[in-house]
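**Student:** Here's a structure for you.
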Amino acid sequence: MKSKKGLIIGGMAGLGVLIIAAIVVLVILLKGGTARDAYRVIKVSKIDGSTYISRGDITDLEAYEGMVLQSGDTVSVDGNSTLILILDEDKICYVEQNTELKIIAEGTVNASQTKIELVSGAFTLDVQNKLNDDSDFIVTTPNSTMAIRGTVVRTETGLLNGRRFSRTSLFKGKTDLSKVSKGANVEDHNMDAGDEVIIGEDGESTQVKEVELSTLSQTTIENLIDIHQEDPLEIFTEKELKEEKENKEKDVYTVEFIYNGNVFATQDVKRGSTIVEPTLAPSDKGKWYVNLSSPVKTDLQIYWKE
């Protein structure tokens, strides 16, 4: 026969287990998920050149392959550099040179809220699996907002002749794009694969046209293919492959250094050589937004960053 002391000890141990289990369940419920939910992961898959992360009071934190980013991080990709991010293992973001964006990833994989705020530059997004009804993926620029379900889409924003523009090119799937003016949606576009929408500044007309699916850049395809393990040449026409080959065979490329929207300096760089930073700087604060260690493979524009 067990002693009362033994019963008390056993009972207290069992009570402790129940309390711990209850705490675990409470924490999971407070986070809004179940024990089987997987939480968000934003991971740096590949870097060619230099990329920097801003996180709260921390600025110019140099990114590295395998680095796990946090929701709310701002990503800055230098000139002559590229970056691939992986979200939740099935969302691939290829970020081009001279690009700055902020990425927000909240919730769980099964109930995700994702937002990419593109400040400048361009990126291509491949959402491989269609999002469920409990998940949202939004892409914004200074004058557009887009809801994504399962697509391959390239988004670009910048200045053309001193005026803001946004360009959205849809290569796969469907998406809803809205023009934003003074903080409000003023025009909607239901886009299908092959559509391209160019949005100008407030009050300017919006251009809608067709885009050839083969116009997705060779570099973008090559990097996405590293993950997909598919043949990138199938999507190019014979003419485009010839033009790409001729570009790669150029002996000299032109590099323009841009300050406040104007050409500050130009430089001719031999194929495979690296960029030399100009002796004179346009300002005593800032730097050229470029990776100087990577060989030049195409004509480039390099921007000054205050």
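**Student:** Find how much the distance from residue 128 to residue 102 grows on full extension, using 0.36 nm per residue of separation minus their present alpha carbon separation; answer in nm with one decimal.
**Tutor:** Working: separation 26, 0.36 × 26 = 9.36 nm, distance 2.10 nm.
Result: 7.3 nm gained on full extension.
**Student:** Further question on the same structure: Using amide H atoms built in the peptide plane, which far-off residues or other-chain residues are under 5 Å from residue 80 H to H?
**Tutor:** 98, 291
**Student:** Moving on to the next point. If you find the alpha carbon centre of the range 281-295 and of the range 68-117, how far apart are they in angstrom?
**Tutor:** The range 281-295 and the range 68-117 have Cα centres separated by 24 Å.
**Student:** Also, I was wondering about something else. Taking 0.36 nm per residue of sequence separation and subtracting the Cα-Cα distance, how much length would be gained by fully extending the chain between residue 57 and residue 163, in nm to one decimal?
**Tutor:** 35.1 nm
**Student:** Which entries in 46/209; 43/172; 102/130; 43/285; 46/172 show an alpha-carbon gap greater than 26 Å?
**Tutor:** Details: 46/209 33 Å; 43/172 24 Å; 102/130 22 Å; 43/285 32 Å; 46/172 23 Å.
Over 26 Å Cα-Cα: 46/209; 43/285.
**Student:** Could you list which residues have their amide H under 5 Å from that of residue 187, counting only those 5 or more apart in sequence or on another chain, with H placed in the peptide plane?
**Tutor:** It is 179, by chain and number.
**Student:** Could you give the length gained by full extension between residue 292 and residue 273, i.e. 0.36 nm per residue of separation minus their alpha carbon distance, to one decimal place?
**Tutor:** Gain in length upon complete extension: 5.8 nm.
**Student:** List the residues, sorted by chain then number, that are 5 or more residues from residue 135 or on another chain and whose placed amide H is less than 5 Å from its amide H.
**Tutor:** Amide H to amide H, under 5 Å and 5 or more residues apart or across chains, residue 135 pairs with 112.
**Student:** Highest first, please rank the peptides 266-273, 98-105 by the mean number of other Cβ atoms sitting within 10 Å of their residues. It would help to have the intermediate numbers written out before the result.
**Tutor:** On the way: 266-273: 13.0, 98-105: 20.9.
In decreasing order of mean packing, 266-273, 98-105 become 98-105, 266-273.
Here, each number is a calculation from the coordinates, and none is a lab measurement. None of the values given here were measured: they were computed from a predicted structure. For neighbour counting, all protein chains shown are included, and Cβ atoms are generated from backbone atoms with ideal geometry for every residue, glycine included.
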